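Engineer: Before I ask anything, let me first share the structure, which is written out below as structure tokens.
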């Protein structure tokens with residue numbers, strides 16, 4: 001019989017790390033919903049870096065796919081118009097940025 005305690009799997013360690021990284025955003029979410037999110041400022045450096053536009057039809061970015069918009073992105077939070085990429089700000093449902101990823105069905 002072995003006296004060694006079982007070692008946590010890599011998956012368990014990774015899950016714990018991801019939960020720890022997400023905890024501040026998860027704890028802030030109820031407050032953000034209650035207070036309402038301010039709109040994403042046009043001058044936001046992260047928004048500029050990701051080519052965010054409030055109207056997806058207005059973008060000239062070659063990465064834009066017709067029909068893609070914040071409203072059908074996996075990072076969009078419909079209840080608050082929040083975005084997991086732009087934490088603490090509301091984005092336009094008709095908006096788009098290069099981080100767009102199709103929402104899972």
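The values are calculated or read from the model by the stated rules, or taken from the named source; none is laboratory data. Here the structure is a predicted model, which is why all the values come from computation and not from measurement. Using ideal geometry, Cβ is built from the backbone for each residue, glycine included, and neighbour counts are taken over all protein chains shown.
For every residue, the table says whether it meets (1) under 15 Å from residue 103 (Cα atoms); (2) touching a strand residue (DSSP E or B) at 6+ places or on another chain (Cβ under 9 Å); (3) at pLDDT 95 or above.
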site: 21; (1), (2), (3): no, no, no
site: 27; (1), (2), (3): no, no, no
site: 35; (1), (2), (3): no, no, no
site: 46; (1), (2), (3): no, no, yes
site: 68; (1), (2), (3): yes, yes, yes
site: 84; (1), (2), (3): yes, yes, yes
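Engineer: Considering the range 49-66 alone, what residues qualify as being closer than 10 Å to residue 97 by Cβ and assigned to a helix (DSSP H, G or I)? Talk me through it step by step, then tell me what you get.
Structural biologist: Just the residues of the range 49-66 that are closer than 10 Å to residue 97 by Cβ, to begin with: 49-53, 56, 59, 61, 63-64.
Of everything in the range 49-66, those that are closer than 10 Å to residue 97 by Cβ and assigned to a helix (DSSP H, G or I) turn out to be 49, 56.
Engineer: Quick one: how many residues across the range 56-105 are surrounded by fewer than 12 Cβ atoms within 10 Å (Cβ to Cβ) and within 17 Å of residue 36 (Cα to Cα)?
Structural biologist: So the count comes out to 2.
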